[in-house]
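Following: one structure in C-alpha cells, then a few remarks.
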Amino acid sequence: MILAVDTSLGTAVALIDDDGVRLSDASAADPLGHAEVIGEMLVRALGEAPGGDNPGNDNPGDESTGDGAPLIGHVVAGMGPGPFTGLRIGIAAARAFAMGRGIPVVPVPSHAAAALTAIEHDGIVGPFAIVTDARRREVAITVFDGTDADGLPIVIADTVLVPRAEADERLGVTRRIDVETLSAVDLARVGARAVAAGRVLAGDEPLYLRQPDVRVPGAPKRVGR
C-alpha cells in the first residue's frame, strides 16, 4: 500500500493499493490548522484500511505487519506549491511516518495530483492550468497537457507565482482550473506511477515559491555613547 500526505491547500491523507485503488482517505478543506488535524487524519486513514486497527474493519489482519498496522511500502509527500507554514507540516508528517516504518518518501508536486484529477476524473482534454491560492493576492499556476506513457501529467509550463489580478492575462486562452482542495488519492496514484516508472518528479526541497517571513536576525547594532 501507498500512503499520501498533502498540506499544500487543506489537509489530505489517503491510502491506495498497488493497483491504485483507493483504500481510505481523510481530508479537511481548512487552509489553516494542519498541525491540529494531521495526526487524527493519519489515524483515521490507517484505521479504515485493510489490516488497520479500526474495529469496524471488515478484514482485520489482512495486508498488515502482524501488529495491526497496515503494510505500507512508500509514503508520498505533496511538495507544493504552498505556503511555508502549512506545507512543511505535511512534509514533516510524511517523513516522520516513513522514518518510523523504515520506508522511502516519494516527493510529488501537489499540482500533479490536481492535474491527474482533471484529466482522469473530469475528462479535461488539451492544455489547462492548475491555479491555487498562494495568499497575499497571488496564485500559483502550472500548465499541463495530458499524460505521458507512464500515466503521469505532462508539465508544459513550470509553476509560477503571479498576482491574482494578472492570472487571466498571463494564461490567455489556456483553460483555467481553480483548485481549492486536493485529492490525496490522486497524489498517491501519481507517486505510485512515478515509482513504477523509476522516475523522480520532485526534489527534497518544498516548492514554497515565496521565502518565509522569518529571518535570522543580524548582528545587533552598536549604539554609540
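Ala92 fulfils the conditions (1) at pLDDT 90 or above; (2) surrounded by 20 or more Cβ atoms within 10 Å (Cβ to Cβ) except for a single criterion, (2). Scan segment 95-133 for residues that are open to solvent by 20 Å² or more (accessible area, probe 1.4 Å) and either within 18 Å of Arg22 (Cβ to Cβ) or basic (Lys, Arg) (or both) and jot them down. Arg95, Arg101, Thr117, Ile119, Glu120, His121, Asp122 - these are the residues of segment 95-133 that are open to solvent by 20 Å² or more (accessible area, probe 1.4 Å) and either within 18 Å of Arg22 (Cβ to Cβ) or basic (Lys, Arg) (or both). Taking every residue in segment 192-204 that is within 13 Å of Gly151 (Cα to Cα) and free of Cβ contacts under 8 Å to residues at least 24 places away in the same chain and pairing it with any residue that is open to solvent by less than 60 Å² (accessible area, probe 1.4 Å) and of a type in the set (S, T, N, Q), at least 6 positions away or on another chain, yields no pair with a Cβ-Cβ distance below 6 Å. Annotation: of all residues in segment 125-150 being in contact with a Gly (Cβ under 9 Å, 6 or more places away or on another chain) and small (Gly, Ala, Ser), the one that is nearest to Phe84 (Cα to Cα) is Ala134. Of all the criteria given as (1) over 18 Å from the mean Cα position of the chain (by Cα); (2) farther than 26 Å from Arg22 by Cα; (3) without any contact (Cβ under 8 Å) to a residue 40 or more places away in the chain, the one not satisfied by Thr174 is (3).
Among residues that are touching a strand residue (DSSP E or B) at 6+ places or on another chain (Cβ under 7 Å) and among the basic types (Lys, Arg), Arg170 is included.
The values are calculated or read from the model by the stated rules, or taken from the named source; none is laboratory data. Since the model is a prediction, treat every value here as computed from it, not as a measurement. Because the Cβ atoms are built from the backbone with ideal geometry, glycine has one as well, and the counts that use them run over all protein chains shown. Each accessible area value is taken on the protein alone, full model and side chains, heavy atoms only, with ligands, DNA and RNA left out. Shrake-Rupley method; radii C 1.70, N 1.55, O 1.52, S 1.80 Å.
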